[in-house]
Each structure stands twice: as structure tokens, then as C-alpha cells.
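Scroll down for the structure; my scribbles are underneath it.
The values are calculated or read from the model by the stated rules, or taken from the named source; none is laboratory data. Fair warning: this is a prediction, and the values are worked out from it, not measured in the lab. A quick note on method: Cβ atoms are made from the backbone with ideal geometry, for glycine too, and the neighbour counts reach across all protein chains shown. The area values use the complete protein model at the heavy-atom level, side chains included, leaving out ligands, DNA and RNA. Shrake-Rupley method; radii C 1.70, N 1.55, O 1.52, S 1.80 Å.
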Amino acid sequence: MKTLKHITIMIAGALLIASCAGPSEKAAEISERLEPGEKPENAIVKTLDVNRSVVAWEGTKITGAHDGTIALKSGELYMVDNQIVGGNIVIDMTRIVVLDIEDPATNARLKGHLESDDFFSVASFPEAKFEMANIVKREDAAEGQPNYTISGNLTIKGITHGVTFPAFVNVTDGTVTAQADFDLDRTRWDVRFGSGRFFEGLGDNLIHDNFNIKLDILATR
């Protein structure tokens, strides 16, 4: 009888621990085992509003900087227990915009150069994509600060590399907003034009390898 009572107490304790395990733990376990871009069973799918979501970029060089945006083509976020566990985003590389140059001819010249094989080979690779692989909630994040660490596979010019960056995610009334600000090394995706790592004697024509990305994402049911 004592043994049976002991087993019963152990089972009750296990059930109590399981019931106290928060949704973040369940979501984290699901996210950890997903393949990049994989949709988990029974997940709630949030569709990106591509017209209200923004991907901003900035590239710098010895003599200054250029900035602009790239349009999103489509995307989904996968939610479990009101938390993001995965997702995928398709970027429309044919819609690169330069914002810092007002002169139309000069603006068009830089845009065309970015679309050329010196940079993103847009004719051959009109899409880039980001497939989320592992999303970890930062339980100790300060209010208004990045509260998730997002990892995944980023494919540009048909080349795929893993990336990880912090993000601030908010879920309110079924709508998901997310902001992120991080740098990428363009040479990992064979964008080497003007890179001092691959070319000598560039002088004032040197372009820094890292470029900045800012994401402002909105997704709804």
C-alpha cells in the first residue's frame, strides 16, 4: 500500500509540474524541432501584410552611405500558444528602392547596379527567402527591448546561410508585429563588389562588407 501511495504521489507531482509548465516552454520545444520554414501541426497561421510590412536596408562606404527598401512578396508566421514558433518570408528582389538619391537618373543608375551581377543578380534570382528554424523567447527581456532571438536560413542569389538576430515581437488581438535591426555580411552571399576583403587598392571606392537590415513586420489571420 505504501508503494502504491508513493507511486500515486509521484504521478500527481508529475502532472502538477506539467500543468505549471508555461506555454513558452511548449512553444520553444516545438520551435526547436522544426525544420527551417516547416509549419507545425495545428499551428495558427498569420499571413504577412506585405503592403504594411517594411524591409529597410542601408549600405555604407568610405565616402558615405545609401539606403532604401525591398518589398516583401509573401510570408507566414506560425503561432502556438500565442507565440511565434516558425515561419517563412519571401522577398521580392525586383522591387529594390533607393531612397537617399533624389535625382532620377542617378537613382536609377544605383538601382540598376544593385540589381546587376555586381550585387544581387536580380534577373537570375528575383526572390530571396528567410525560413525560420528556431525561435527562442527571452523571458528576462526589458519592456520594449528585443524579447525573442530568431534563427533561420536566409537565401540570397541561391546561396543559403544561417542567421540569428534579436527581435521585438508583440501579439495583440490576433495581430502580430515584429521589429528587428541587425547587420549582415554581404560577402557570405557572393556579393563582393567593392569589398576590401577581395579587392586591393579600392581607396575611396571601398564598400563595407556589412549592411544593415531593419524589419518592421505586420501579420494578421
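Per-structure values
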| item | result |
| --- | --- |
| Subset of segment 168-178 [in a strand (DSSP E or B) and surrounded by fewer than 15 Cβ atoms within 10 Å (Cβ to Cβ)] | N170, T172, T175 |
| Only one of E76, E102, E127, E58 that is open to solvent by less than 70 Å² (accessible area, probe 1.4 Å), modelled with pLDDT of 95 or more and acidic (D, E) | E76 |
| One residue from D209, D181 being open to solvent by 70 Å² or more (accessible area, probe 1.4 Å), farther than 18 Å from N88 by Cβ and assigned to a strand (DSSP E or B) | D181 |
| Filter result for the condition that a residue is modelled with pLDDT of 95 or more and not charged (D, E, K, R), over S53, S24 | S53 |
| Residues of segment 184-201 that turn out to be open to solvent by 40 Å² or more (accessible area, probe 1.4 Å) and either in a strand (DSSP E or B) or without any contact (Cβ under 8 Å) to a residue 60 or more places away in the chain (or both), as a count | 9 |
| Tally of residues being in a loop (DSSP other than H, G, I, E, B) and free of Cβ contacts under 8 Å to residues at least 24 places away in the same chain across segment 43-68 | 1 |
| Out of I135, I89, sole residue that is open to solvent by less than 30 Å² (accessible area, probe 1.4 Å), of a type in the set (V, I, T) and under 16 Å from T160 (Cα atoms) | I89 |
